[in-house]
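Below is one structure, written out as structure tokens; comments come after it.
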Amino acid sequence: NYRPGVAARLGIDYETLSAIHPTLIYGNLTGFGPRGPMAGAGATDIAATAYAGLVAGDGKLGPGGEPQGLTPAIADYTTGAAIGMAICAALLHRERTGEGQLIEGSLLQSALAIQDVYVMRQPVTDASMRDPMMEDVDKLRAAGAPYADQLARRNEYRNSGAAPPRLYYRSYVAHDGAIVLGCLTRATRDGARSVLDMQHDNSDEPEFDSTDPETRRQTEVWMDEIEQKVRQLPVAHWLQLFRDAGVPVAPVQFPEELSDDPQVEAMGIMVDLDHEITGPQRVVGPIVSMSKTPLAARRASPALGSHTSELLRELGLSETEIDDYRANNIIGGE
């Protein structure tokens, strides 16, 4: 759970350890990746999934119109599974070559990878849904419309096609959007209290009994106080203050805007491909990177039936048999 740079200061980073033990396989997981403007930012699952568009994509709102986080911690689990698979592949490579390697994954990259068509860009379909949708959403934001209205507008486009939250680990509606706080430690919660001037909140003190009905009512009062404060100022204001205080925070973004996000671009997560039917498209690339066995998205998804004849030949069917199947509409494709 170190932020980027801490392992190097401790002398346990890949470069240091691989110099000692060249066959080392080293898995490195970060919140937003090792490069780009968000590289050094703290991240918990709720902050990363908000940034990556998963929270907005899930479309759930609380009683005050605030975005609701996902359950379970999907980016955490997806990243762990991806790294585990990559390590297995790296073990096979080492068995064959004697080489170790660095494997990197991030919550951001995993969260984008599992959203596929929601994040990808494709001009032939963007023009009919994504572009007008984001144009409407941007107008609502500029007019100061609440997050619930922005989400409702997005859902209008999307649907036409195809224990109470803690004070500092939940979403809040700002003046022009919404933010998520991801505080899981006393230190980060204290940072949030400082930013919000909530030092009178004693929910981290030993005498605070979360099961007492009176303390629950008090928590609701504090939550309402924070909500009123956050609503007064824009998202950018809160992001700057919380980040300066070392608090895990992220804007609640829509997955459709992530393909052009500065952090996503800096990481090179999106890949430009050309589909044989729909033409140019931008898709999420491989979920991890491997230093000695590089991964790449080399071609777009094939059209239905593109490889039918090829596969049937491999299975031993003759051209006459394949032509007969096609003539009788048993198979399609070329």
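The values are calculated or read from the model by the stated rules, or taken from the named source; none is laboratory data. Because the structure is a prediction, the values reported are computed rather than measured. Here Cβ is always computed from backbone atoms with ideal geometry, including for glycine, and neighbour counts include all displayed protein chains. Side chains are part of the model used for accessible areas, which takes the heavy atoms of the whole protein and leaves out ligands, DNA and RNA. Shrake-Rupley method; radii C 1.70, N 1.55, O 1.52, S 1.80 Å.
A few notes on this one:
- Condition met for ASN155 (within 20 Å of the chain's Cα centre (by Cα), at pLDDT below 90 and in a helix (DSSP H, G or I)): yes
- Condition check for ALA145 on (1) within 17 Å of PHE254 (Cβ to Cβ); (2) assigned to a helix (DSSP H, G or I): one failure, at (2).
- Tallying residues that are under 18 Å from the mean Cα position of the chain (by Cα) and at pLDDT 95 or above within the range 178-196 yields 4.
- For the range 10-19, the set of residues classified as at pLDDT 90 or above and either under 21 Å from ASP76 (Cβ atoms) or part of a helix (DSSP H, G or I) (or both) consists of TYR14, GLU15, THR16, LEU17, SER18, ALA19, listed by residue number.
- Residues of the range 90-111 that are in a helix (DSSP H, G or I) and surrounded by fewer than 21 Cβ atoms within 10 Å (Cβ to Cβ): LEU91, LEU92, HIS93, ARG94, GLU95, ARG96, THR97.
- Across the range 318-334, the qualifying residues are those that are farther than 30 Å from VAL119 by Cβ and open to solvent by less than 40 Å² (accessible area, probe 1.4 Å), and the one among them that is modelled with the highest pLDDT is ILE322.
- Only a single item in (1) assigned to a strand (DSSP E or B); (2) buried (at least 22 other Cβ atoms within 10 Å of the Cβ); (3) touching a Ser or Thr at 6+ places or on another chain (Cβ under 8 Å) is not met by TYR172, and it is number (3).
- Exactly one residue out of THR71, THR44, THR79 is open to solvent by 40 Å² or more (accessible area, probe 1.4 Å) and β-branched (Val, Ile, Thr): that is THR71.
- Taking the listed residues ASP136, ASP58, ASP116, the one that is more than 20 Å from ALA174 (Cα to Cα) and surrounded by fewer than 19 Cβ atoms within 10 Å (Cβ to Cβ) is ASP116, with no other qualifying.
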